[in-house]
Structures are given as C-alpha cells and as structure tokens.
Amino acid sequence: MRKIFAAGSLVVLASQLGCQNSNNLSERLDKIEAKLTQLENRPAAAPMPPQPEQQKTAYNIPVGNSYVKGNKDAPVAIAVFSDYQCPFCSRVDPLLNEALNDPELKDKVKVVFKHFPLSFHKEASPAAKAALAAGEQGTEMFWAMSEKMFANQRELTPENFKKWASEIKGLNLAKWEKSLKDEDAKWEKMIKEDMEIGVNNAKVRGTPSIFVGGWELRERSVKGIKDLLKKAQG
C-alpha cells in the first residue's frame, strides 16, 4: 500500500511540475521503491534468547574436599565455581569477603571454592593445581595463593606460580614444588570432580557461578545473599 501511494503521489506531482522535474522525480521514485523492496526483503530480527529456567529447588552442592573460607561449621555454604583466569571471578572476591564479615551473616555462611577452569583459559587449570598444591600445607595457604592468582591474572605462568609461592609466609617452597609435580593426577581428579558437580548438580555453564545454600545468586550483592537465605528458610 505504501509503495502504491508513494508512486501515485509522485507521478501526479511530476505532471504538475513539468518534464525536467518529472525526470528527477522519476529517479527519486525508483530509489524509494528500491528502498521499500529492501525493507520488505529484510530478514526478520533474531528471536530473543530463552530466559534462564526458574530454579524450583535448591541444588545439591556438597562441600566435599573443597577449601572453605570463614566458619567451617556455618550452616549455609556459599559455593562459588571459579576460574583463576576469569576477570569476572576476581571481582566477586570482595563481595564474598563482605558477606563473611556482615554482622547479620557472620558465622552463618561460609565460602566454598569449586574449581571450574574454562577450556579457553589455558592457564586456569595449571593455576588451580598450583593453588591446590599450596593448600596441602594448610587452608590459609590455599587462599593466599588464590589471592595471588586473582591479583595477577595476566601473568599466570609456572615461573610466577613458583615466585608467588615463595612469597607466601609459612609456605615450604620445596614441599610445594614436589607436591605440584608428584601429585598432578590428584589435582586433576579434584578439579574434574568439582566441574562434574557444577555441570551435573547445578547446571553451571560459565564462571563465576555462585550458589547460596544451593540457590543461584543472580543479584550479586550482600542484600541478594540475604534475600536468598530468607527464601531458603521460608
């Protein structure tokens, strides 16, 4: 309808303005018709991606052998599936520490670290093994190495792993090196188990993925954590 109307209107106008203007208007008409044809033939817009499925029950995410920050006897676990090379993972650390120190949440929640190195982050898995090897000498050593990893994400190399290990107070460097080398299969197994729990139990597809008492944290704030706790208790 628009094409017919435009063509009819321009032809009438051309007859009123004379031959020269008619030729100009005819050219313009051709261009307008071409544009209208392009619009009509334009492919439909891509459909909106499906919205995430609404979680109906809490996921079963066992603590297992994972390292815990905070009161290990706290009743609610904040499980974080993380990748040392993921820039977004480093940004959630302040939130988790804030939650552990919040007056309402203190001693009620604990942070549980689950390894989920993504395949396209080539240094993520070696970094996870370096942190696990440090953890053999104590939980605080694991968290200290983790902080080194997140603070230097663009410099994840075996040479730097050794350098950072040497900087951690109380860590026996020779013992760490031996553990990292001799127990590689053990670290590989632990990482694989964490990833299987993430994929099979909690539908994890990316990092960081955070779950409070088994409920996915979408509003990443202390308030969001408190709201999920109310939901779990309600």
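Put a dot 7 Å past each Cα toward the Cβ at Arg205 and Lys106; how far apart are the dots in nm?
Using points 7 Å along Cα→Cβ, the separation is 4.0 nm.
Quick one: Karplus J couplings for the stretch 180-193, per residue in order, coefficients 6.51, -1.76, 1.60, θ = phi - 60°, nearest Hz, x for Gly and Pro?
Once θ is set to phi - 60°, the couplings for the stretch 180-193 become 4, 7, 7, 10, 3, 4, 5, 5, 4, 5, 5, 5, 4, 5 Hz.
As an exercise, use a Förster radius of 41 Å and the Cβ-Cβ distance of Asn160 and Ile32 to find the FRET efficiency, rounded to the nearest 0.05.
According to the calculation, E is roughly 0.05.
Taking only C-alpha pairs under 8 Å that are 6+ residues apart, what is the relative contact order of the stretch 133-234 in percent?
Once divided by the residue count of the stretch 133-234, the mean separation gives 17 percent.
Pull out the extension gain between Asp184 and Phe120, defined as 0.36 nm times the separation in residues minus the alpha carbon to alpha carbon distance; nm, one decimal.
Result for the pair: 21.0 nm of gain on full extension.
On average, how much area does the Cα convex hull of the stretch 142-221 cover when viewed from any direction, in nm²?
Convex hull of Cα atoms, orientation-averaged projection: 7.1 nm².
Picking from Ala134, Gly206, Ser221, whose Cα lies most toward the positive end of the charge dipole for the stretch 122-234 (charges on Cβ: Lys, Arg +1; Asp, Glu -1)?
Ser221
If amide H atoms are built 1.01 Å from N in the plane of the peptide, which residues on other chains or at least 5 residues away come under 5 Å of the amide H of Ser209?
Residues meeting the amide H criterion: Phe81.
Using θ = phi - 60° and the Karplus curve 6.51 cos²θ - 1.76 cosθ + 1.60, what whole-Hz ³J(HN,Hα) does each residue of the stretch 85-96 get, with Gly and Pro shown as x?
Running phi through 6.51 cos²θ - 1.76 cosθ + 1.60 with θ = phi - 60° gives 9, 7, x, 6, 5, 5, 7, 8, 3, x, 4, 5 Hz.
Sorted from largest to smallest, which semi-axis lengths in Å does the alpha carbon gyration tensor of the stretch 77-234 give for its equivalent ellipsoid, taking the root of 5 times each eigenvalue?
Gyration-tensor ellipsoid for the stretch 77-234: 28, 17, 14 Å.
Could the peptides 78-86, 62-70, 177-185 be put in order, highest first, of the mean number of other beta-carbon atoms found within 10 Å of their residues?
The packing order, highest mean first, is 78-86, 62-70, 177-185.
Can you compute log10 of I(q)/I(0) for the stretch 64-133 with the Debye formula, treating each Cα as one identical point scatterer, at q = 0.18, 0.19, 0.27 Å⁻¹?
-0.71, -0.77, -1.19
Read-outs throughout are calculated quantities, based only on the coordinates presented, and are distinct from any laboratory measurement. These figures come from a predicted structure and were not determined experimentally. Glycine gets a Cβ as well: all are built from the backbone with ideal geometry, and neighbour counts include every protein chain shown.
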